[in-house]
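**Student:** Before anything else, here's the structure in question.
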Amino acid sequence: GGRLFITQATEVDNQRAVMCFDKLTGELIWRRGVTYDKKETTHKTNPYCSGSPVTDGRVVVANYASAGVAAYDFEGQQIWHRDLGPQEHIWGNGTSPILYGNLCIIYHGPGPHSSLHAMDKLTGHTVWTRKVEEQDNPDRVDGFRGQKGGIKGAFTTPIVIKSNNRMELILSRANALQAFRPEDGSELWYCNGLNPLIYTSPVYDGNVILTMGGYFGASFAVKPGGSGDVTAKRLWLDPRSKKNRLGTPVIHAGYAYFVNMSGFLECLSLKDGRVVYEERLPSKGNNSAAWASPILVDDRVYVTNQSGDTHVVRASPTFKLLATNSVDEYSNSTLAVSDGALYLRTHKSLWCIGRPTGN
């Protein structure tokens, strides 16, 4: 049967762990992790192990931040564990590893030790590593405008894309979007214009990359495939968003969709950055705030708010709410989809939502 993997931290025994469930029955098959008893700063709304594990069907890799990165086989045996050094930020961390070919790539940040690491996914040995700059900008116009020493850093997961027969590793970092060769970590290009605080991951529709800063931050679109400083080639730049955005958008047919932190679904034109519509989504509970990223299935956008309401919206520049379904449990999680079923993690439960299978 299929497997479902999540990460979990327990404060009782200071464990950071991966949990493996049977995808069809919800039965816990195994739980493996590491013990980390040193102090690691985070925000009360950001638990340890808030990143997602990644799998290729053979290995499962999880990011435990200061407690390292670990890989397991499907029977729960640890294959390797790497200590990438402390991860220090007042708000903790939330990045997920990605797999590309034989590499496991992870952004180890935010904080003073922010760096990109590429490791052999079967051994954990370092293939390359490079420092990632995180500097404040005294001229920032985001939510920390006019304040010295505002919060900086990126809670971002990189992506690997193909552009003009070239693979590019794309990272939204403090103040800039940056592209590297995934094979050796050398820089291909960078594009300035972001603010120093990043919540989201970059997204790519096969034509342009969209990147968004956090806390009323900047956003812009740019085409990949460049060389050196491509700032002048941005398609558009919005230096400050009108609403606070946290979730990573999805793109469909030239438009981006995301829910801002106050619960409004926004539709954005990729061509010029214009907000096509901004519609408040209903809430069956008393909390319409949304910290999750939407997912796209066919031409439908699914997103869950903190009340546990999952909204289904047509991916169209004309707003159409198709359904709202609630589990009545607090959630900040992004939905996962597999084999026709949706998987939702709340602060209390793990849900599988789909048609019953079998007899």
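**Student:** Could you list, in sequence order, the residues of the range 9-49 that are polar (S, T, N, Q) and either over 19 Å from Leu350 (Cβ atoms) or open to solvent by 50 Å² or more (accessible area, probe 1.4 Å) (or both)? Steps first, please.
**Tutor:** Here is the first cut: in the range 9-49, the ones polar (S, T, N, Q) are 10, 14-15, 25, 35, 41-42, 45-46.
Asn14, Thr25, Thr35, Thr41, Thr42, Thr45, Asn46, listed by residue number.
**Student:** In the set Ser227, Ser262, which member is at pLDDT 95 or above and open to solvent by 40 Å² or more (accessible area, probe 1.4 Å)?
**Tutor:** Selected residue: Ser227, the only one of Ser227, Ser262 that is at pLDDT 95 or above and open to solvent by 40 Å² or more (accessible area, probe 1.4 Å).
**Student:** Let me ask another. Of the residues in the range 69-100, how many are in contact with a Ser or Thr (Cβ under 9 Å, 6 or more places away or on another chain) and open to solvent by 10 Å² or more (accessible area, probe 1.4 Å)?
**Tutor:** The number of residues fulfilling the criteria is 17.
**Student:** I'd like the full set of residues that are surrounded by fewer than 13 Cβ atoms within 10 Å (Cβ to Cβ) and either of a type in the set (D, E, K, R) or farther than 22 Å from Glu278 by Cα (or both), limited to the range 318-346. Don't jump to the end; show me each part of the working.
**Tutor:** From the range 318-346, those surrounded by fewer than 13 Cβ atoms within 10 Å (Cβ to Cβ) are 318, 320, 322-323, 328, 339-340; that's our starting set.
Within the range 318-346, Lys320, Asp328, Asp339, Gly340 qualify.
**Student:** Still on this structure, please answer the following. Would you confirm, using the coordinates I've provided, whether Ala323 is farther than 16 Å from Leu246 by Cβ and hydrophobic (A, V, I, L, M, F, W, C)?
**Tutor:** When the stated conditions are applied, Ala323 passes them.
**Student:** What are the residue pairs meeting all of these: first residue in the range 236-249, first residue touching a residue at least 40 places away in the same chain (Cβ under 8 Å) and farther than 18 Å from Ala176 by Cα, second residue open to solvent by 30 Å² or more (accessible area, probe 1.4 Å) and of a type in the set (A, V, I, L, M), Cβ atoms under 6 Å, and 6 or more apart or on different chains?
**Tutor:** Pairs that qualify, where the first residue is touching a residue at least 40 places away in the same chain (Cβ under 8 Å) and farther than 18 Å from Ala176 by Cα and the partner is open to solvent by 30 Å² or more (accessible area, probe 1.4 Å) and of a type in the set (A, V, I, L, M), are Asn244/Met261.
**Student:** Moving to a separate point now. Give the residues of the range 51-68 that are under 17 Å from the mean Cα position of the chain (by Cα), assigned to a strand (DSSP E or B) and either surrounded by fewer than 18 Cβ atoms within 10 Å (Cβ to Cβ) or among the aliphatic types (A, V, I, L, M) (or both), sorted by residue number.
**Tutor:** The first filter runs over the range 51-68 and keeps only residues under 17 Å from the mean Cα position of the chain (by Cα), leaving 51-55, 61-65.
Cutting the leftovers down to assigned to a strand (DSSP E or B) gives us 54-55, 61-63.
Of everything in the range 51-68, those that are under 17 Å from the mean Cα position of the chain (by Cα), assigned to a strand (DSSP E or B) and either surrounded by fewer than 18 Cβ atoms within 10 Å (Cβ to Cβ) or among the aliphatic types (A, V, I, L, M) (or both) turn out to be Val54, Val61, Ala62.
**Student:** Inside the range 251-359, counting only strands (runs of 3 or more DSSP E) that do not spill past its ends, which hold 3 or more residues that are touching a strand residue (DSSP E or B) at 6+ places or on another chain (Cβ under 6 Å) and farther than 29 Å from Ile209 by Cβ? Even if it seems obvious, please write down each step before you answer.
**Tutor:** On the way: elements: 255-259, 264-269, 275-280, 295-297, 300-304, 309-314, 321-326, 336-338, 341-345, 350-353.
The qualifying strands (runs of 3 or more DSSP E) are 321-326, 350-353.
**Student:** Follow-up. Does the range 69-84 contain any residue that is free of Cβ contacts under 8 Å to residues at least 60 places away in the same chain, closer than 25 Å to Thr334 by Cα, outside any strand (DSSP E or B) and within 17 Å of the chain's Cα centre (by Cα)? Quick ask: steps written out before the conclusion?
**Tutor:** Initial filter on the range 69-84 (free of Cβ contacts under 8 Å to residues at least 60 places away in the same chain): 69-73, 75-84.
Next, from what is left, pick out any that are closer than 25 Å to Thr334 by Cα: 69-73, 76.
Right, trim to outside any strand (DSSP E or B) and you get 76.
Filter once more, so that each one left must be within 17 Å of the chain's Cα centre (by Cα): none.
No, that holds for no residue.
**Student:** Something else now. Can you name every residue in the range 231-256 that is under 17 Å from Asp298 (Cβ atoms) and open to solvent by 70 Å² or more (accessible area, probe 1.4 Å)?
**Tutor:** Matches in the range 231-256: Ala253 only.
**Student:** Next question, about the same structure. Do you know which residues across the range 183-198 are crowded, with 24+ Cβ neighbours inside 10 Å and in a loop (DSSP other than H, G, I, E, B)?
**Tutor:** Step one: filter the range 183-198 for residues crowded, with 24+ Cβ neighbours inside 10 Å, giving 191, 194-198.
If the condition is that a residue be crowded, with 24+ Cβ neighbours inside 10 Å and in a loop (DSSP other than H, G, I, E, B), then Leu194, Asn195, Pro196 are the ones that fit.
**Student:** If you check Gly143, Gly92, Gly149, Gly124, which single one turns out to be modelled with pLDDT of 95 or more and out of contact with any strand residue (DSSP E or B) (no Cβ under 7 Å at 6 or more places or on another chain)?
**Tutor:** On the way: Gly92 fails: modelled with pLDDT of 95 or more; Gly149 fails: modelled with pLDDT of 95 or more; Gly124 fails: out of contact with any strand residue (DSSP E or B) (no Cβ under 7 Å at 6 or more places or on another chain).
Selected residue: Gly143, the only one of Gly143, Gly92, Gly149, Gly124 that is modelled with pLDDT of 95 or more and out of contact with any strand residue (DSSP E or B) (no Cβ under 7 Å at 6 or more places or on another chain).
**Student:** Scan the range 1-20 for residues that are under 22 Å from the mean Cα position of the chain (by Cα) and in contact (Cβ under 8 Å) with a residue 24 or more places away in the chain and jot them down.
**Tutor:** Across the range 1-20, the qualifying residues are Arg3, Leu4, Phe5, Ile6, Thr7, Gln8, Ala9, Arg16, Ala17, Val18, Cys20.
**Student:** Could you tell me how many of the residues in the range 139-163 are open to solvent by 10 Å² or more (accessible area, probe 1.4 Å) and acidic (Asp, Glu)?
**Tutor:** The qualifying residues number 1.
**Student:** Ok, one more. Report yes if some residue within the range 184-193 is more than 20 Å from Leu246 (Cβ to Cβ), touching a helix residue (DSSP H, G or I) at 6+ places or on another chain (Cβ under 8 Å) and not aromatic (Phe, Trp, Tyr); otherwise report no.
**Tutor:** Yes, the range 184-193 has at least one match.
**Student:** Another question about this same structure. Within the range 164-182, count every residue that is open to solvent by 10 Å² or more (accessible area, probe 1.4 Å) and either of a type outside the set (S, T, N, Q) or within 16 Å of Gly228 (Cα to Cα) (or both).
**Tutor:** Residues of the range 164-182 open to solvent by 10 Å² or more (accessible area, probe 1.4 Å): 164-167, 173, 175, 178, 181.
Checking which are either of a type outside the set (S, T, N, Q) or within 16 Å of Gly228 (Cα to Cα) (or both) leaves us with 166-167, 173, 175, 178, 181.
Going through the range 164-182 one residue at a time, the tally reaches 6.
**Student:** Being more than 15 Å from the chain's Cα centre (by Cα), outside any strand (DSSP E or B), in contact (Cβ under 8 Å) with a residue 24 or more places away in the chain and more than 23 Å from Ser52 (Cβ to Cβ) is true for just one of Gly149, Gly124, Gly206, Gly143. Which residue is that?
**Tutor:** Matching residue, one of Gly149, Gly124, Gly206, Gly143: Gly143.
The values are calculated or read from the model by the stated rules, or taken from the named source; none is laboratory data. Being a predicted model, the structure only gives us computed values, none of them experimental. Using ideal geometry, Cβ is built from the backbone for each residue, glycine included, and neighbour counts are taken over all protein chains shown. The area values use the complete protein model at the heavy-atom level, side chains included, leaving out ligands, DNA and RNA. Shrake-Rupley method; radii C 1.70, N 1.55, O 1.52, S 1.80 Å.
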